[in-house]
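In what follows, a structure is listed as structure tokens, so that the remarks can point back to it.
The values are calculated or read from the model by the stated rules, or taken from the named source; none is laboratory data. It should be emphasised that the depicted structure is a prediction, and the values quoted were computed from it without experimental measurement. Because the Cβ atoms are built from the backbone with ideal geometry, glycine has one as well, and the counts that use them run over all protein chains shown.
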Amino acid sequence: MSKNVYWTLLQHDDWNLHLAATDNGLCYVGSQGASFQELAEWAEARLPRYELVRHDAEMERYTHEFTKYFQGSLDVFTLPLDLVGTDFQQRVWQAMSAVQYGSTAAYSDLAETIGRPQASRAVGAAVGANPLLIVLPCHRIVGKTGSMTGYRGGLPMKTALLELEQKRG
């Protein structure tokens, strides 16, 4: 019996994101405007024994929270997550999740938070490996000087998310 990864395409205003979840919770949030191929490649690499199944109804609870976020009426996601990563990645993602809506932190701040002040580059790699854009707010992580740095969704997406949050925050 194969396991399923359910997916949908969230479309809200100018936002178009692929979302995917296992029976345990949300496991993937795609880049703004990316093709289905990005999701398919991620799933093949991370969950090779799973079958991708489009299931809009199954994904409704996820799209509902994302819609509220984009409308500016949700600043903390309460969705169940199915997050697979190394212990180090999990620690970085947990620290990243503590960065408040509408604010930012530097990679070096995360390194300090997890007790590894010399590990900014490794922290950057863990942030870059985040499969749950927006939910785990890697868009809130910036360079030490406040500069915009790399983002899987692209810098325009990162900027748009920060602007959305700062309007309301």
Subject >> Residue check for ARG152: under 12 Å from ALA105 (Cα atoms), of a type in the set (Lys, Arg), surrounded by 18 or more Cβ atoms within 10 Å (Cβ to Cβ) and touching a Leu at 6+ places or on another chain (Cβ under 9 Å) >> reply: no
**OP:** Test VAL123 against the criterion of being touching a Phe, Trp or Tyr at 6+ places or on another chain (Cβ under 7 Å) and part of a loop (DSSP other than H, G, I, E, B), and give yes or no.
**Re:** no
**OP:** Say whether the condition of being of a type in the set (Ser, Thr, Tyr), free of Cβ contacts under 8 Å to residues at least 12 places away in the same chain and either in contact with a strand residue (DSSP E or B) (Cβ under 8 Å, 6 or more places away or on another chain) or farther than 17 Å from LEU132 by Cβ (or both) is met by at least one residue in the range 63-76.
**Re:** yes
Original post:
Under the condition of being surrounded by fewer than 16 Cβ atoms within 10 Å (Cβ to Cβ) and out of contact with any strand residue (DSSP E or B) (no Cβ under 8 Å at 6 or more places or on another chain), which residue from the range 1-23 is nearest to VAL53 (Cα to Cα)?
Top reply: MET1
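Among the listed residues VAL99, VAL92, which satisfies the condition of being β-branched (Val, Ile, Thr), in a helix (DSSP H, G or I) and surrounded by 15 or more Cβ atoms within 10 Å (Cβ to Cβ)?
Just one listed residue meets the conditions, VAL92.
Table: residues versus (1) of a type in the set (Phe, Trp, Tyr); (2) over 17 Å from LEU10 (Cα atoms); (3) touching a Ser or Thr at 6+ places or on another chain (Cβ under 7 Å).
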{"site": "TYR62", "(1), (2), (3)": "yes, no, no"}
{"site": "THR67", "(1), (2), (3)": "no, no, no"}
{"site": "MET96", "(1), (2), (3)": "no, yes, no"}
{"site": "GLN100", "(1), (2), (3)": "no, yes, no"}
{"site": "SER103", "(1), (2), (3)": "no, yes, no"}
{"site": "ALA106", "(1), (2), (3)": "no, yes, no"}
{"site": "ASP109", "(1), (2), (3)": "no, yes, no"}
{"site": "THR113", "(1), (2), (3)": "no, yes, no"}
Original post:
Within the range 106-121, can one find any residue that is closer than 26 Å to ASN16 by Cα and modelled with pLDDT under 95?
Top reply: no
Subject >> Number of the condition not met by THR63 [criteria: (1) assigned to a loop (DSSP other than H, G, I, E, B); (2) in contact with a Leu (Cβ under 8 Å, 6 or more places away or on another chain)] >> reply: (1)
